[in-house]
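The values are calculated or read from the model by the stated rules, or taken from the named source; none is laboratory data. For clarity, every value in this text was computed on a predicted model and none was experimentally measured. Note: ideal-geometry Cβ built from the backbone for every residue, glycine included; neighbour counts use all protein chains shown. Surface areas here come from the heavy atoms of the whole protein model, side chains and all, with no ligands, DNA or RNA. Shrake-Rupley method; radii C 1.70, N 1.55, O 1.52, S 1.80 Å.
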Amino acid sequence: MARHRVPAGARLHRPLRARAPRPGRELHAQDARRREGTDPGTQGPQAGGLSPGIIGTVSPTVPTLLPTATPSPGVAPLSLAERIDALLPQTQCTRCGYPDCRAYAEAVASGEAPLNQCPPGGTEGIRLLAQLLGRPELPLNPEFGDEAPRRVVYIEEATCIGCTLCIQACPVDAIIGAPKRMHAVLEADCTGCELCLPVCPMDCIALEEVSAGATGWAAWSPAQADAARARYAGRQARVARDAREEDERLAAKAAPPALQAQPTDDPKRAAIAAALARARVRAKARPQ
Ligand code: SF4
Ligand code: SF4
């Protein structure tokens, strides 16, 4: 299937803006320590939230993500693209030159793309891919970006005009707000993809480093990747449903009078007639 390729030049790397520390910052540092296994309040590397089929530990700091080749009884085996996708960070940032992590996974599986184009996964991500594919490890290709500490965005509330453009750009629904109302970032859900930055007409979205200098998989856990994948899938489903409903609405509006509901004084009959008319329009619009 032909894939839309995002030009590598479209990626953004904005400098950080100075910002006063907010309550809750310590949580990020603690999270980073927990991932490193240096938080005295936890027992070693984070293991919670791992996808089924993801096992073990390969280094003192990074949980092994290699999906098992042998599925559980009754479970279909994962395709190569699915196993590669399980090793990608799921920030959906497009820095690899593909529209999302799954598209890059498919390109790597087919041999179309090399395994060193994902900056958020960093060196550890490349190592895991090389291990899975039995290919040599390569350095991260700098054309696609650098491995850097994890950042999230925040919205400068006083400047936000509530245009909703950032909400529409966010691949994981990490921004909430309503038209002409101030928007806010759900920090725990922000993958730091930076896709919301270029669309803000007020330039009121800024970046903040949250991983205490840690990069790649040392700054991002499998549980966070799983959550980002789920949020992205949920958004994709919602966007597709909205588009389908809009198509149906337009088709119903354009349908000849014979296909439209006829006026009646009986509300029950009117509801049935309207439902039948919608069903006829849907049937007509369905591909043969
Ligand atoms: S996280 Fe990696 S694989 Fe996913 S879209 Fe970004 S660069 Fe591509
Ligand atoms: S809020 Fe912005 S940086 Fe964070 S995930 Fe959404 S689009 Fe990406």
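For (1) closer than 19 Å to Glu194 by Cα; (2) open to solvent by less than 20 Å² (accessible area, probe 1.4 Å); (3) more than 19 Å from the chain's Cα centre (by Cα), each residue gets a yes or a no:
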site	(1), (2), (3)
Pro119	yes, yes, no
Gly122	yes, yes, no
Glu147	yes, no, no
Arg150	yes, no, no
Glu157	yes, no, yes
Cys160	yes, no, yes
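For the stretch 195-209, taking the residues that are open to solvent by 10 Å² or more (accessible area, probe 1.4 Å) and under 15 Å from Ala148 (Cβ atoms), the one that is farthest from ligand 2 (Cβ to nearest atom) is identified as Glu209. Answer yes or no: is there a residue in the stretch 220-237 that is in a loop (DSSP other than H, G, I, E, B) and either crowded, with 17+ Cβ neighbours inside 10 Å or among the basic types (Lys, Arg) (or both). Within the stretch 220-237, one or more residues are in a loop (DSSP other than H, G, I, E, B) and either crowded, with 17+ Cβ neighbours inside 10 Å or among the basic types (Lys, Arg) (or both). The set of residues from the stretch 88-117 being surrounded by fewer than 17 Cβ atoms within 10 Å (Cβ to Cβ) and either assigned to a helix (DSSP H, G or I) or on the phi > 0 side of the Ramachandran plot (or both) comprises Ser110, Gly111.
Selection of the stretch 74-87 for residues being touching a strand residue (DSSP E or B) at 6+ places or on another chain (Cβ under 9 Å) and either part of a loop (DSSP other than H, G, I, E, B) or at pLDDT below 95 (or both) yields Leu78, Ala86, Leu87. In this entry, Ala130 is excluded by the filter for residues that are part of a helix (DSSP H, G or I), buried (at least 20 other Cβ atoms within 10 Å of the Cβ) and within 16 Å of ligand 1 (Cβ to nearest atom). Look at the stretch 222-242: where a residue is more than 18 Å from Ile167 (Cα to Cα) and a partner is surrounded by 13 or more Cβ atoms within 10 Å (Cβ to Cβ) and modelled with pLDDT of 95 or more, sitting 6+ places away or on another chain with Cβ atoms under 6 Å, you get Ala225/Pro89; Ala225/Gln90. Comparison of Ala188, Ala169, Ala214 shows that the only residue that is open to solvent by less than 20 Å² (accessible area, probe 1.4 Å) and farther than 20 Å from Asp85 by Cβ is Ala214. If the condition is being open to solvent by 50 Å² or more (accessible area, probe 1.4 Å) and without any contact (Cβ under 8 Å) to a residue 40 or more places away in the chain, then the stretch 133-145 contributes Gly134, Arg135, Pro136, Glu137, Leu138, Pro139, Pro142. Picking from residues in the stretch 180-194 that are within 15 Å of ligand 1 (Cβ to nearest atom) and hydrophobic (A, V, I, L, M, F, W, C), the one that is farthest from Glu147 (Cα to Cα) is Cys190.
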